[in-house]
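A short write-up of the structure that comes next.
The values are calculated or read from the model by the stated rules, or taken from the named source; none is laboratory data. What you are looking at is a predicted structure, and each value in this text was computed from that prediction instead of being measured. Because the Cβ atoms are built from the backbone with ideal geometry, glycine has one as well, and the counts that use them run over all protein chains shown. Protein only, heavy atoms only, side chains kept; ligands, DNA and RNA dropped before computing areas. Shrake-Rupley method; radii C 1.70, N 1.55, O 1.52, S 1.80 Å.
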Amino acid sequence: MQSYEIKGSILCKCEQLYGNYDLALTHAQTEFVYLCYNDNHMMNKYMRRGIWLILIGVAFNLLGYYLMEEDLFKYGWAMITGTVAFGLGFLFILYSLIRKMDRRALLNERAADTEENETSPKS
């Protein structure tokens, strides 16, 4: 298994998660840790919106189940709203992770291009 080096506070987060021993993480585990514990911003606006929408969706679905058991009100609207909110929240979270990976790949590509331009001989 090949180990990958993790920089700065991300390594500290890994040590908090996995204990104080030598970390030999796979590439997929490294990507996951980087996405979850990024130095700059742990959550962007899409991640926050997604989490709130998931919580609202769960709350509306619980309200719908309560109304269904008690026969107090038409429960369908609460359950439909909860399901739509939960689905949108899931999509927002997925979108935020895709944006984060795409941004990181773009930054790595730009850094490689800059390094290539600096090392090439000028004519």
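Quick look at the values:
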quantity: Most to least packed among 105-118, 77-90 [average Cβ atoms within 10 Å]; calculated: 77-90, 105-118
quantity: Largest to smallest accessible area among Lys45, Lys100 [probe 1.4 Å]; calculated: Lys45, Lys100
quantity: If the convex hull is drawn through the Cα atoms of the stretch 65-109, its volume per residue in Å³; calculated: 44
quantity: Percent carbon-and-sulfur accessible area, the stretch 76-123, ignoring ligands, DNA and RNA, probe 1.4 Å; calculated: 63
quantity: Surface per residue (accessible, 1.4 Å probe) for the stretch 55-123, Å²; calculated: 82
